[in-house]
Amino acid sequence: MPVQIGAKAHNFTNPTGLLSDCHRRVEMFLGTLEAVAQVIDRPATDETRRALEAALRYFAQAAPKHTADEEVSLFPRLRQIHDPEIEAAFSKLDRLEEEHRRATPLHAEVDRLGAQFLSNGSLSNPEVDSFRKAVASLASMYKQHIRVEDSLVFPLADRMLSDAEKLAIAEEMAGRRKVRVVTEISTGRK
């Protein structure tokens with residue numbers, strides 16, 4: 001069952017809203033990793049294990065789909081629109097893609113050390129430090145990354161993309177998740 005944050009969750013009829021909802025899950029699971037980082041120098045409890053397993057699973061399975069939603073489906077379509085507002089955002093798109101690449105080794109380190117903690121019930125002091133640094137780096141990077149996407153990129157995409165482009169994005173997003181998408185996009189435009 002998907003995690004729903006807040007009273008309103010979007011679906012594939014609003015792909016940018018759905019991407020923003022994904023950010024709430026990223027924030028939630030980053031919070032979980034930050035909480036685990038605070039106690040990872042202690043023996044594993046059942047609660048810590050469950051929380052860590054859920055966060056690692058989310059970042060291993062769902063997060064790569066979200067990145068593909070942005071880099072394969074959304075960003076290329078934005079780059080095809082010749083508008084001064086979008087062209088001004090291109091430098092931010094480049095930075096966002098670079099942040100996705102920088103996150104990969106950090107996630108790998110968190111995953112490796114998290115799996116070791118789950119297997120052994122503890123980590124050495126250098127491993128604890130490494131886990132904490134990787135989690136802190138991810139949290140810091142994602143905070144700014146999410147702010148730019150939620151406040152600039154997604155609203156811009158929502159305004160500038162055609163209904164057909166939004167539908168194509170929605171279908172690609174649904175395909176990554178192996179679900180069927182409705183064929184009508186809600187834009188709020190007439």
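The values are calculated or read from the model by the stated rules, or taken from the named source; none is laboratory data. Worth saying up front: this structure is predicted, and the values here are computed from it rather than measured. Methodologically, a virtual Cβ is constructed for each residue, glycine included, from the backbone with ideal geometry; neighbour enumeration extends over all protein chains shown.
Summary table below
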read-out	value
The listed residue being part of a helix (DSSP H, G or I), over 29 Å from HIS107 (Cα atoms) and out of contact with any helix residue (DSSP H, G or I) (no Cβ under 9 Å at 6 or more places or on another chain), out of ALA164, ALA174	ALA164
So VAL148, is it assigned to a helix (DSSP H, G or I), within 16 Å of the chain's Cα centre (by Cα) and surrounded by 18 or more Cβ atoms within 10 Å (Cβ to Cβ)	no
Subset tally (residues that are part of a helix (DSSP H, G or I) and either surrounded by fewer than 16 Cβ atoms within 10 Å (Cβ to Cβ) or on the phi > 0 side of the Ramachandran plot (or both)) for the stretch 112-136	11
Scope the stretch 163-190; condition in contact with a Lys or Arg (Cβ under 9 Å, 6 or more places away or on another chain), surrounded by fewer than 19 Cβ atoms within 10 Å (Cβ to Cβ), within 28 Å of PRO84 (Cβ to Cβ) and modelled with pLDDT of 90 or more; matching residues	ASP163, ALA168
Pairs, first under 11 Å from GLY114 (Cα atoms) and in contact (Cβ under 8 Å) with a residue 24 or more places away in the chain in the stretch 53-64, second aliphatic (A, V, I, L, M) and in a helix (DSSP H, G or I), C-beta under 6 Å, six or more apart	ALA55/LEU33
Which listed residue is loosely packed, with under 15 Cβ neighbours inside 10 Å, closer than 18 Å to PRO64 by Cα and touching a residue at least 24 places away in the same chain (Cβ under 8 Å), from GLU97, GLU109	GLU97
Hey, PHE90 among the aromatic types (Phe, Trp, Tyr) and surrounded by fewer than 16 Cβ atoms within 10 Å (Cβ to Cβ) or not	yes
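Rundown of residues vs (1) surrounded by 14 or more Cβ atoms within 10 Å (Cβ to Cβ); (2) of a type in the set (Asp, Glu), yes/no style:
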{"site": "ARG24", "(1), (2)": "yes, no"}
{"site": "THR32", "(1), (2)": "yes, no"}
{"site": "GLN38", "(1), (2)": "no, no"}
{"site": "ARG57", "(1), (2)": "no, no"}
{"site": "ALA62", "(1), (2)": "yes, no"}
{"site": "SER73", "(1), (2)": "yes, no"}
{"site": "GLU85", "(1), (2)": "no, yes"}
